[in-house]
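For reference, the structure is listed below as structure tokens.
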Amino acid sequence: KNTENNTLQIKGVTKASPSLEEIRNLINVWLQSKSNYLAGKNQLNISKIVSSGLIDRTIQERQKDINKGIYKEINSQIQKIDLETQTSSRISVLVELNYLERVIKNSGEFINETSLNPLKVKYILGFSDKSWKLVDFVSGV
């Protein structure tokens, strides 16, 4: 098992009907990758499992933070995951996260924090190029 976040193995989910565990793992990789990226730690090399639209949205968020001279430390853990709907091309799951977000100035000065327990999020996966990708999410459902 990898202890270092930066070495997350990103495997595409190619099964026609993935298990809830596989979906949970995919969302976990997304959460960790996004968290590292918004903290300014590394790039988003997750195109195998996340749509380009969602990657672009995250890059724009980071760009706004860079312009403000801040970064975010985000810690999110999946507490619960339930399958909402599933077809051959689309899966929707409802997830409850333990969510903590700290906003910090580049100087190290703490600005604020948001803690939500649980934060409810609906994740939508689509099947394209022979694998499942996260295409959208809606918070506060």
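Read-outs throughout are calculated quantities, based only on the coordinates presented, and are distinct from any laboratory measurement. Because the structure is predicted, anything quoted here is derived from the model rather than measured. Glycine gets a Cβ as well: all are built from the backbone with ideal geometry, and neighbour counts include every protein chain shown.
For segment 62-141, what percent of Cα pairs sit more than 14 Å apart? All intermediate terms of the calculation are to be shown ahead of the outcome.
On the way: 2180 of 3160 pairs.
In whole percent, the long-distance tail amounts to 69.
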- Note on the structure: Longest principal axis of the chain (C-alpha) makes with the long axis of helix 52-68 (C-alpha) an angle, in degrees to the nearest 10, of 10 degrees
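Percent antiparallel among DSSP beta bridges with both residues in the chain, to the nearest 5?
Here the share of antiparallel DSSP bridges comes out near 95 percent.
So if I place +1 on the C-beta of Lys and Arg and -1 on the C-beta of Asp and Glu, and nothing else carries charge, what would the dipole magnitude of the chain be about its Cα centre? I want it in debye, nearest 20.
On the way: 20 positive and 15 negative charges, 52 e Å.
Roughly 240 debye for the chain.
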- Query: For segment 1-104, how many pairs of lysine residues have a Cα-Cα distance under 29 Å, where the two are 8 or more positions apart or belong to different chains?
  - Reply: 29
- Message: I need the semi-axes of the equivalent ellipsoid of the chain: take the C-alpha gyration tensor, multiply each eigenvalue by 5, square-root it, list largest first in whole angstrom.
- Response: 27, 17, 14
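When the helix-only estimate is applied to the chain (DSSP H runs of n ≥ 4, each -39,500 (n - 2.57), divided by the residue count), what is the mean residue ellipticity at 222 nm, nearest 500 deg cm²/dmol? If you can, show how the numbers build up before the last one.
Details: 2 runs with 36 residues, N = 141.
Counting only the DSSP helices, I get -8500 deg cm²/dmol.
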